Amino acid sequence: MLLENVTRIVAGIAIFALGATLAVAQAPVRPPYGTAISLEAARKVGDAAMAEAKKKGWNVTVAIVDNHGMLIWYQMQDDTQTSAAQLAIEKARTAATLRRPSKELEDIVAAGRVSVMGLGLAIEGGLPILVGGKVIGAVGVSGMAAPQDGEIARAGLEALK
């Protein structure tokens with residue numbers, strides 16, 4: 001009887017350890033933080049994003065934050081919806097502090113894991129800015145549908161290539 005209980009306990013611990021190992025093995029590795037984005041680089045990203053939005057006739061707000069989520073550059077086009085003002089900043093902060101596109105958080109929530117909603121703004125349009133494989137900041141765009149915001153954010157990143 002004692003041997004059966006010990007065997008069950010050991011088997012339970014082994015299964016738990018295996019599950020924990022698999023969970024850790026599947027966790028994505030996030031890029032490390034680098035030196036914060038300069039104002040000059042932030043302007044390049046922001047200006048490129050705004051140029052793309054103007055080309056498409058889309059009224060948006062663009063925010064660039066440093067690698068810790070602090071606002072570095074910001075611009076809001078005339079007649080952009082009022083809510084976009086703060087949403088662009090929050091999308092950028094989410095991408096910088098979580099070191100992943102805000103779309104990834106949106107996808108996690110859509111899959112049913114709503115507990116992550118408190119981690120940031122789970123809407124497409126925030127992208128980390130990577131230089132040399134390190135996060136130096138992030139761009140956030142708001143004002144259009146989320147996929148369009150993401151398109152403008154990607155256009156901004158092209159300015160650093």
Taking amide H positions as placed in the peptide plane 1.01 Å from N, state which residues far from G34 in sequence (5 or more) or on other chains have amide H under 5 Å from it.
V135, I136
How far apart, in nm, are two points set 7 Å out from the Cα along the Cα-to-Cβ line at K161 and at H68?
3.1 nm
Given H placed 1.01 Å from N in the peptide plane, which residues other than close sequence neighbours of L121 have an amide H under 5 Å from its amide H?
T94
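Arrange the peptides 135-146, 109-120, 69-80 so that the one whose residues have, on average, the most other Cβ atoms within 10 Å appears first. Mind dumping the intermediate values first?
Numbers: 135-146: 26.0, 109-120: 11.9, 69-80: 15.7.
Per-residue mean Cβ counts within 10 Å order the peptides as 135-146, 69-80, 109-120.
Take the Cβ-Cβ distance between A85 and S115 as r, set R0 to 35 Å, and report the resulting FRET efficiency rounded to the nearest 0.05. Each step should come with its number before you reach the end.
Values: r = 28 Å, r/R0 = 0.79.
Result of the calculation: an efficiency of 0.80.
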A student asked for the Cα radius of gyration and Dmax of region 39-160 in angstrom ought to give 12.9, 40
Vicinal HN-Hα couplings computed from phi for region 105-121 (Karplus, 6.51 cos²θ - 1.76 cosθ + 1.60; Hz; Gly/Pro x)
5, 4, 5, 5, 5, 4, 7, x, 8, 6, 4, 7, 4, x, 7, x, 8
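Work out, step by step, the length gained on full extension between K56 and T35: first 0.36 nm times the residue separation, then minus their alpha carbon distance; give nm to one decimal.
Working: separation 21, 0.36 × 21 = 7.56 nm, distance 3.27 nm.
Extending this stretch completely gives an extra 4.3 nm.
Bear in mind these aren't lab numbers, they're just calculated from the coordinates by the rules spelled out. Computed from a predicted model, the values in this text were never measured in an experiment. All Cβ positions, even for glycine, are placed from backbone atoms using ideal geometry, and neighbour counts span all protein chains on display.
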